1. Among the residues of segment B:283-299, what is the count of those that are surrounded by fewer than 24 Cβ atoms within 10 Å (Cβ to Cβ) and within 14 Å of another protein chain (Cβ to nearest Cβ)?
2. Which condition from (1) farther than 23 Å from B:ILE245 by Cβ; (2) at pLDDT below 90; (3) part of a strand (DSSP E or B) is the one that B:ASN329 breaks?
3. Tell me the helices (runs of 4 or more DSSP H) entirely within segment A:165-260 that contain at least 3 residues that are touching a residue at least 60 places away in the same chain (Cβ under 8 Å) and either more than 8 Å from chain B (Cβ to nearest Cβ) or buried (at least 19 other Cβ atoms within 10 Å of the Cβ) (or both).
4. If I filter segment B:381-396 for residues that are part of a loop (DSSP other than H, G, I, E, B), free of Cβ contacts under 8 Å to residues at least 12 places away in the same chain, within 21 Å of B:LEU316 (Cα to Cα) and of a type outside the set (A, V, I, L, M), do I get at least one hit?
5. From B:ASN124, B:ASN197, B:ASN160, which residue is closer than 26 Å to B:GLU266 by Cα and of a type outside the set (Val, Ile, Thr)?
6. Please state which one of A:ILE51, A:ILE57, A:ILE86 is more than 18 Å from A:ASN144 (Cα to Cα), among the aliphatic types (A, V, I, L, M) and touching a residue at least 12 places away in the same chain (Cβ under 8 Å).
7. Quick one: how many residues across segment B:309-328 are more than 17 Å from B:TYR364 (Cβ to Cβ) and surrounded by fewer than 23 Cβ atoms within 10 Å (Cβ to Cβ)?
8. Give me the residue from segment B:266-282 that is in a strand (DSSP E or B) and not polar (S, T, N, Q) and, out of that set, farthest from the other protein chains (Cβ to nearest Cβ).
Amino acid sequence: MFKILKYSFYDLMRSRWSYVYFAFYLALGFVLLFLNNDVDKAIITLLNIIIVLTPLIGTIFGVMYYYNSKEFTELLLAQPMKRNTIFLGQYLGISISLTLSLILGLGIPFLLYGIFMSSAIFDFGLLLVVGSFLNFIFVALAYNIALSNSNKIKGFGYAILMWLFLAVIYDGLFLISLMVFNEYPLDNFSLLATMFNPIDLSRILILLKLDISALLGYTGAVFKKFFGTNFGLVISLFVMSLWVLIPVWRIQRKLRKKDF
Amino acid sequence: MKNLRLTILALFFCSSLLASQIEVCNSCQVKSIKQALSLAKDGDEILIKEGVYKESGIAVDKSVKIIGVGLPTVDGEHKETIFTVKANNFSIEGLRIINVGHSYTKDFAAILVSKSKNFTLQNNVLEKVFFGLLIEKSRYGIIKNNKLISDAEDQAGSGNGIHLWHSEDMQIENNELTGLRDGIYFEFVKNSMVRNNRSYENLRYGLHFMFSNNNEYNDNVFTNNGAGVAVMFSKFVKMTNNQFIQNWGSASYGLLLKEIYDAEIENNTFSKNTIGISVDGSTRINYKNNTFSRNGWAIKVVGACYENHFNQNNFLHNAIDLSYNSKINSNTFDSNYWSEYTGYDLDKNGIGDVPYRPVKLFSYIAHRTPESIVLLRSLFVDIINFSEKVSPVFTPDNLLDNSPLMQKIQ
């Protein structure tokens, strides 16, 4: 598995897209800091970008890589190797290289602008952790979709749709249901609903640090317990890991039955 | 006749010379404060030396100076009010007063001053108090450099730090208040000044004003109080250079204004509060040069507000800058800096060319369904905010800052 991981990783490291992705984050980091010189504000802007963009890039990269390396994968499958190791290796290769682009791309400009001197270091660290989680989650989801669809166009379509659903439509439905069922106690529901969407979940994780004052504005014991203590942080991180583990587990299950 | 005058003069001299010092200590002739007070005459000084004095219910009815040397401790043993003062021209300084009695029916205090004039309470340390300094129907008092610490647990069973009732011309400076119900409480107080105090981690309000007109408070710091600072039912209040920090909770405000008329709110800093300022039924108020940073709601205007003018304020990275749920009335927002502003300034005069709309659709939604706050900063919310900005439907379309600033006000 480690060998496959290495191959995938080097393959991606050599590919132009990783560099583009890295350069994009690098430029973004520098521009944000150069334009306003205010680390706090830069982090809020970054939050908006990370929770939308990392899932999108992760999804597209995942699907693209699967379809592009399909022939190579089939060649590998002919070798006396476990399927699991091949696909897990590929999966980890993509996720790690994307995460590396993200962390280096954003880390370098922020380091140069003295993030260690700033009190925002924890917010920034959390932002990177959340971004990495999102990479792992969305690559796994993309792999699931790609494995289930041998038709390339269909696979891409579903992948983009999934991203659109989780990034935008889900929140829309969520908001509408909150407004329709206004009369009912909704605090449990609203917390639960955020758990079922990794993008919402990562947003909440960062809001816990950035906008805790606003989140505590709502009267409700459940909210107070969730947001007012470390309970929220622990639960969110736990559910985030579940969001990685369950899709990966499903990849393995799918592999067992799949006829290549 | 001449002789008589001389005699009177001589008598005067003698009596002023007789204004003597009485020393109190465990090894002195006078061993208790009560004893010293019974010996004292108007104008005397009572020096209390280092040590512990287990006394309470000390009545002061003479114009004396009570001065602690080396911070002596007066322990009330949780019985009742410790000092009850009813005198003019007195002072109490340098004492450590601890263990005031608790009661649900009586307002026990460390020092109760009633119907007095010209007094000074300074450099005292008050610990485990119920009420700290309770001043009623008094005038011309100075309360300075005191430190009040208590361990209030519930609102019903705790008292206020500096509690003023029906008083006038008071100065409250450089005090530190924590662990009380309200740090400073004003009720029917006039012409008074609250300056440079630090009020933090109190159960209810850091500062609480009720029916108190013509007062001023500046350079105070209010941090992490249960419900922030409340100014209610008062006129002509001036609030400048204060800091309101980290007042978190559903009923917590940096500053709560309720039924306030003709106030000036200038150069204050509101940072990381759930609600920076909540304005309710307040009229003719000028908000100028204040900085609102990283609050949940910078300003929440609830209703029945007229002639509120918000000029030259900084709104920096608040989750929601303004929540507004009534008609615009005659309130104005002009020449503020909004960190969310995305307009441009082609004529380079420092003023944005496109008006700014401080009320977002999301703040309207969050007001109607409070749970939706979990969707803060999500992409969907940004999209609906944007569409509302392009063509306002739900938010008042005449609520605009017509000259938003391009640069933060320093």
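The values are calculated or read from the model by the stated rules, or taken from the named source; none is laboratory data. Because the structure is a prediction, the values reported are computed rather than measured. Ideal geometry is used to build each Cβ from the backbone, glycine not excepted, and the neighbour counts take in all protein chains shown.
1. The qualifying residues number 3.
2. B:ASN329 satisfies every listed condition except (3).
3. Correct list: A:198-210, A:231-257.
4. No; the residues of segment B:381-396 include none that is part of a loop (DSSP other than H, G, I, E, B), free of Cβ contacts under 8 Å to residues at least 12 places away in the same chain, within 21 Å of B:LEU316 (Cα to Cα) and of a type outside the set (A, V, I, L, M).
5. When all the criteria are applied, what remains is B:ASN197.
6. Just a single option satisfies the conditions, and that option is A:ILE51.
7. Qualifying residue count, segment B:309-328: 6.
8. Residue satisfying both the conditions and the ranking: B:GLU266.
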